[in-house]
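A short write-up of the structure that comes next.
The values are calculated or read from the model by the stated rules, or taken from the named source; none is laboratory data. Just so it is clear, the structure is predicted and the values come from calculations on it, not from any experiment. Counting neighbours? That spans all protein chains shown, and the Cβs are built from the backbone with ideal geometry, glycine included. These area figures cover heavy atoms from the full protein model, side chains too; ligands, DNA and RNA do not enter into them. Shrake-Rupley method; radii C 1.70, N 1.55, O 1.52, S 1.80 Å.
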Amino acid sequence: MPQNVDRVLVIGLDCATPQFVFGPDAFDLPNIRALMSRGCWGPLRSCDPPITVPAWTCMTSGVDPGALGIYGFHNRVDYSYQPMRITDATAVKVPRVWDILSQHGKRVIVLGVPQTYPVTPVNGCLVADFLAPDTSVDYTYPTSLKGEIEARFGEYILDVPAFRTDDKESLLKNIYKMMHNRFDVAHYLMASKPWDFFMMVEMGIDRIHHAFWGFCDPEHPSFDPAGPYRHAIRDYYQAVDTRVGALIEQAAPNTAILVVSDHGARRMEGGFRINQWLINEGYLTLRNPALYERSETSRRIEQSDIDWSKTQAWAAGGYHGRVFLNVAGREPHGTVAPACYQSTLCALIQKLEAVPIPGNRTLHNKVFAPNDLYALSNGHPPDLLIYFGDLSWRAIGTVAGNSIYISCNDLGPDDANHAQHGIFIMHSGPEQTMEQRAGLTLLDVAPTLLDLLGIQPPRQMQGRSIR
């Protein structure tokens, strides 16, 4: 039986991908490699969908998106046609690791973990994530911690502004600035506050993937071998590795140390306008389609005038696509009879799986109904989830009278999509030896963290301790 440890330190690197950490294109990351050499490590299968929200909450609660009722950054709050709402901490109805540890009298520090704004009390300190609108709000618990941080470090950086931009030089500087600010605060909290459990998440790797993948990947559609940022991703990983090493060095003996990510990344081949496709296929009807006939005109589906009496389905875009059926008796002006629900779904799945891309090649989409992914689907789930090109293409929510294919993100410049595997590295004691592990999943992390501190994981957790 493995011995428990005195403390647990979790360093989260949003979007860190196995390819660059221990895969075929691994960078020189001496501190992370040293941790691997005295622990276990391997790819960490993310949740479905593999995106920041809900992935970090799945990791820290031990339950999947269906049980959470959280299917993306924005979710339906009812079956009306109102725009979806941002899914912040108020949507999380299950305890996360730091809540359980607080109940057991353990002292916790939580820094920048997604879906922690608005803040809630813990037995210790909490600094909210980038879902806080700005630093004018109370983004810390206790409230006094905000003034303490700002007196020492200046304004706390919640996120980089407008990371989908063509001003790459300014963006790169801001990503580094955010990263150093986050680690500086981490060092201060580790040294000045009592803790048994410390967890932080650094967001810069996600931002640099989305902004600079095309400069670094020779197979990316926009790759330019003469581009000025050829090694931007490599250099950033190495800068993060240096800060990770300093944080590990600060940890006391008999501290379990984990480096984890919520999902990975891959190049974005293009975008597929899912709502425009639904229009073309006769599932979605606009009241004034002439507005969208000019090729230069596009509009977000939330801003479009939909004729619900003639619409069977509409969709939300993002790194994955979500399709919602307009069901009679469920939606206000539903047109799909409940008796036809399953046959309509099957027809949509068949068509979506056969969608071609220019050149008459199949896109190889993966299409799921919630029942395919979750034992339970709480809240207001989509009727279908779609990974276009198995996550190599982005789902584009806008409608337009031109091609259903575009070369970029409809929200601004973006070079990368998400991938289904993140990273897991753990050193949990002197008796542990280097071991590569297979079959690790996001849901295993929460029970592992509790197990390390000698606390029995709650029955609702769907994973199991990696130990």
| Residue match in the range 300-308 (condition: at pLDDT 95 or above and outside any helix (DSSP H, G or I)) | yes
| remark: Only one of G379, G389, G317 is in contact with a His (Cβ under 7 Å, 6 or more places away or on another chain), within 16 Å of D48 (Cα to Cα) and of a type in the set (G, A, S), namely G389
| field | Filtered residues of the range 53-109 (kept if among the charged types (D, E, K, R) and part of a loop (DSSP other than H, G, I, E, B)) | value | D64, R76, D78, D88, K93, R96, K106, R107
| task | Any chance you could count how many residues in the range 124-155 are crowded, with 20+ Cβ neighbours inside 10 Å, free of Cβ contacts under 8 Å to residues at least 40 places away in the same chain and assigned to a loop (DSSP other than H, G, I, E, B)? | result | 3
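Give the residue, chosen from A375, A313, A337, that is in contact with a helix residue (DSSP H, G or I) (Cβ under 6 Å, 6 or more places away or on another chain) and either in contact (Cβ under 8 Å) with a residue 40 or more places away in the chain or among the small types (G, A, S) (or both). Show your work before the answer.
Numbers: A375 fails: in contact with a helix residue (DSSP H, G or I) (Cβ under 6 Å, 6 or more places away or on another chain); A337 fails: in contact with a helix residue (DSSP H, G or I) (Cβ under 6 Å, 6 or more places away or on another chain).
On inspection, the qualifying residue turns out to be A313.
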| query | What number of residues within the range 27-45 satisfy the criterion of being part of a loop (DSSP other than H, G, I, E, B) and open to solvent by less than 10 Å² (accessible area, probe 1.4 Å)? | reply | 2
| Count of residues meeting criterion [surrounded by fewer than 22 Cβ atoms within 10 Å (Cβ to Cβ) and aromatic (F, W, Y)] in the range 51-92 | 3
| note | Filtering the range 157-188 for residues that are touching a residue at least 60 places away in the same chain (Cβ under 8 Å) and either closer than 30 Å to N123 by Cβ or more than 22 Å from the chain's Cα centre (by Cα) (or both) leaves a count of 9
| Conditions (1) within 19 Å of F388 (Cβ to Cβ); (2) open to solvent by 50 Å² or more (accessible area, probe 1.4 Å); (3) aromatic (F, W, Y); number of the one not met by W314 | (2)
| remark: For the range 248-272, the count of residues that are farther than 25 Å from S46 by Cα and out of contact with any Lys or Arg (no Cβ under 8 Å at 6 or more places or on another chain) equals 3
| In the range 157-178, what count of residues is obtained for those that are touching an Asp or Glu at 6+ places or on another chain (Cβ under 9 Å) and surrounded by fewer than 20 Cβ atoms within 10 Å (Cβ to Cβ)? | 2
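Assess whether P24 counts as being in a loop (DSSP other than H, G, I, E, B) and more than 17 Å from N417 (Cα to Cα).
On the way: in a loop (DSSP other than H, G, I, E, B): yes; more than 17 Å from N417 (Cα to Cα): yes.
Answer is yes for this residue.
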